[in-house]
Amino acid sequence: MPAPRRPRLAVWKFASCDGCQLSVLDCEDELLALADRVEIANFREASSAVLDGPYDLSLVEGSITTAEDARRIKEVRAESRVLVTIGACATAGGIQSLRNFANVDEFRRIVYARPEYIEILATSTPIADHVPVDFELRGCPISKAQLLEVIAAFLQDRTPNTPNESVCIECKRRGNVCVVVAKGTPCLGPVTQAGCGAICPAFHRGCYGCFGPQGSPNIPSILEHLAARGMSGPEVRRVFRTFNSLAPAFRTAGDRAGAEER
């Protein structure tokens, strides 16, 4: 009697730095166990061997920045039973979404020797702006432990159990001295989703918001806090327009800071 078919896993890249795909490879020993449970059918970062779809689970890294991206993500969605976006680029536009707040033609002229050969959209947008997404796994880069939880949840046909609390909770668990209280350091920890292990506060730096907004961020309060630490409107806007600038709560914060500047 033939063995039952293993679920097919595909990993896709759009506009990104590949850091989240490298987080998949960083699973190392866990990948060996995973390979017994799923068939890695399409993962070009790891292997040139590609199996045709359909795929049971697709992990998508990167944002949509070209017309070709916009076309290709629809093909990926059509071939995928479950589609999970991984990382800040896929879930919130990534660092490249800074183009959304500036003149992309000017960027292209300054950066490239022959800008006429560069075909890009005026915006960098999350995958969910183009196709239905079944689950978003945030982070820049994503947490290896959270990634394994998402894949395990898929195999067990359940909702992933990923954190929704703030980085402040991780600081408490780690025993960090609060950089805001002790040093008056501006910090996005109160409004940022846990997942990094509070790395920056552990080294006496404020949180940069790599994992995007937590479940119920108090935006008015964080804006007041940052202003009280001496940050100007443009400085506040800049800290929210980084990895997760198109996450709704962070975009609201950046827009409010810009409005106050005017």
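The values are calculated or read from the model by the stated rules, or taken from the named source; none is laboratory data. What you see is a predicted model, and the numbers here were worked out from it, not measured in a lab. All Cβ positions, even for glycine, are placed from backbone atoms using ideal geometry, and neighbour counts span all protein chains on display.
For segment 205-234, the tally of residues that are basic (Lys, Arg) and either in contact with a Gly (Cβ under 9 Å, 6 or more places away or on another chain) or not assigned by TED's automatic domain parsing to the domain that holds Ala194 (or both) stands at 1. Summed over segment 148-207, the residues that are farther than 25 Å from Pro248 by Cα, among the aliphatic types (A, V, I, L, M) and in contact with a His (Cβ under 9 Å, 6 or more places away or on another chain) give a count of 3. Residues of segment 1-40 that are buried (at least 18 other Cβ atoms within 10 Å of the Cβ), without any contact (Cβ under 8 Å) to a residue 40 or more places away in the chain and out of contact with any helix residue (DSSP H, G or I) (no Cβ under 9 Å at 6 or more places or on another chain): none at all.
Meeting the requirement of 1 or more residues that are crowded, with 19+ Cβ neighbours inside 10 Å and within 20 Å of the chain's Cα centre (by Cα), the helices (runs of 4 or more DSSP H) wholly within segment 41-159 are 67-79, 88-92, 144-155.
Residue-wise test of (1) touching a helix residue (DSSP H, G or I) at 6+ places or on another chain (Cβ under 7 Å); (2) of a type outside the set (D, E, K, R); (3) surrounded by fewer than 21 Cβ atoms within 10 Å (Cβ to Cβ); (4) closer than 17 Å to Ser97 by Cβ.
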residue	(1), (2), (3), (4)
Ser166	yes, yes, no, no
Arg174	yes, no, yes, no
Val191	yes, yes, no, no
Ile219	yes, yes, yes, no
Ala253	yes, yes, no, yes
Ala257	yes, yes, no, yes
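A search for C-beta distances below 6 Å between a residue of segment 172-192 that is within 23 Å of Val236 (Cβ to Cβ) and any residue that is part of a helix (DSSP H, G or I) and of a type outside the set (A, V, I, L, M), counting only pairs 6+ apart in sequence or on different chains, returns Val179/Pro201; Gly189/Cys168; Pro190/Cys168. Within segment 232-248, residues that are in contact (Cβ under 8 Å) with a residue 12 or more places away in the chain and outside any loop (DSSP other than H, G, I, E, B) reach partners that are surrounded by fewer than 24 Cβ atoms within 10 Å (Cβ to Cβ) and of a type in the set (Ser, Thr, Tyr) with beta carbons closer than 8 Å, at six or more positions or on different chains, in the pairs Val239/Tyr208.
Is it the case that segment 164-178 has a residue that's within 23 Å of Ile95 (Cβ to Cβ) and assigned to a loop (DSSP other than H, G, I, E, B)? There is no residue in segment 164-178 that is within 23 Å of Ile95 (Cβ to Cβ) and assigned to a loop (DSSP other than H, G, I, E, B). Only a single criterion out of (1) closer than 22 Å to Leu25 by Cα; (2) in contact with a Lys or Arg (Cβ under 7 Å, 6 or more places away or on another chain) is not satisfied by Glu136, namely (2).
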